[in-house]
Each structure stands twice: as C-alpha cells, then as structure tokens.
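The structure appears right after this line, and notes come after that.
The values are calculated or read from the model by the stated rules, or taken from the named source; none is laboratory data. Computed from a predicted model, the values in this text were never measured in an experiment. For neighbour counting, all protein chains shown are included, and Cβ atoms are generated from backbone atoms with ideal geometry for every residue, glycine included. Accessible surface areas use protein heavy atoms only, side chains included; no ligands, DNA or RNA. Shrake-Rupley method; radii C 1.70, N 1.55, O 1.52, S 1.80 Å.
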Amino acid sequence: LGRRGVSSGLLVVPTPEAPALGSTRRFLDYIRERPDLRAKVQLVVNRYPCKNSVDISEVERSLGLKAVSTIPSDGRLVTTAVNEGVGFLSTKSAASASMSQLAAGLAQPRLLRLQRSDHKETPTAETAQGKARRQTHQPT
C-alpha cells in the first residue's frame, strides 16, 4: 500500500471460506477508511466454485463488493504448476481461461491509457526536437 498512487486498481483475492472472508472484510474496512483507495478495489474470488464453499452471493454480500471475476478451483493443475515452476495458462482448463480473461480485462484499460499518453507525448516531443533543430541551424 506504500505505492498506492501508482496503480489504477487494487485486486482483493479471497477464497470462499468463512475465515478468509473475515480477514478480507477487516482488510476492506481498513481500505474503506482511505478515500484514495476505496474506488480502486476490485474483488476476484479464487477457487470458486469448490466443494463446501460459501456461495458467491454471500461472499459479495459479506464483503460489500460485486466480484469482477472468479477463478475456478483446480488444485491439481495449479499445485503441479507451482511445484514444478511452470505456468498453467497455456493449458485448456477453466482456471487458465478465467485467469487469461481477467488479465486481458485488467490490461485493456491500462493499454488504452498508455496509448492515449503516447499520443499526447509524441507531438510535444517532436515540437521540442524541431525547436532544438531550428535553434542549432539558425545563423548567428
């Protein structure tokens, strides 16, 4: 949270179990006290659905946020990938598809901002370069 001005979003990623939701709620209470962070929070529920989990509607009600995404539970795939130090996004699984969709959704607004800033900066940079060239080539 020390570099909070740098990011455009804050992903909160709990699992749908009562203890995790309790901890997440306390964290969100802390965040809600900070107006600069409050609007940045997005909820992603990890390992949902899974056996005996809290229902997504209860997760959202409990935390006071709508989930922007869920990551399906696929313990075998993810555990194997982590233990072997390999990625799993290239596999054909619900978890990889959901992670890829989430990444694309998060990257798109950032890419649009970067493209806009590139267009704004380019004319300024060209103007500065042109001005430098004119000053260099003017007879004295």
Here the qualifying pairs (Cβ atoms under 6 Å; residues six or more apart or on different chains; first in the range 37-59 and without any contact (Cβ under 8 Å) to a residue 24 or more places away in the chain; second surrounded by fewer than 13 Cβ atoms within 10 Å (Cβ to Cβ)) come out as Arg38/Arg32
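Restricting to the range 81-97, count the residues that are open to solvent by 60 Å² or more (accessible area, probe 1.4 Å), among the β-branched types (Val, Ile, Thr) and either touching a Leu at 6+ places or on another chain (Cβ under 7 Å) or closer than 19 Å to Thr15 by Cβ (or both). Working first, answer last.
So the first thing to find is which residues in the range 81-97 are open to solvent by 60 Å² or more (accessible area, probe 1.4 Å), and the list is 82-87, 89-90, 92, 94.
Within this subset, residues satisfying the condition of being among the β-branched types (Val, Ile, Thr) are 82, 86.
In the following step, the residues that additionally are either touching a Leu at 6+ places or on another chain (Cβ under 7 Å) or closer than 19 Å to Thr15 by Cβ (or both) were identified as 82.
Qualifying residue count for the region: 1.
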Condition check for Asp74: open to solvent by 40 Å² or more (accessible area, probe 1.4 Å) and within 19 Å of the chain's Cα centre (by Cα): no
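Which members of the range 12-59 meet the condition of being of a type in the set (A, V, I, L, M, F, W, C), closer than 20 Å to Gln101 by Cα and modelled with pLDDT of 95 or more?
Residues of the range 12-59 that are of a type in the set (A, V, I, L, M, F, W, C), as a first pass: 12-13, 18, 20-21, 27-28, 31, 37, 39, 41, 43-45, 50, 54, 56, 59.
From what's left, closer than 20 Å to Gln101 by Cα: 12-13, 41, 43-45, 50, 56.
Passing the criteria: Val12, Val13, Leu43, Val44, Val45, Ile56.
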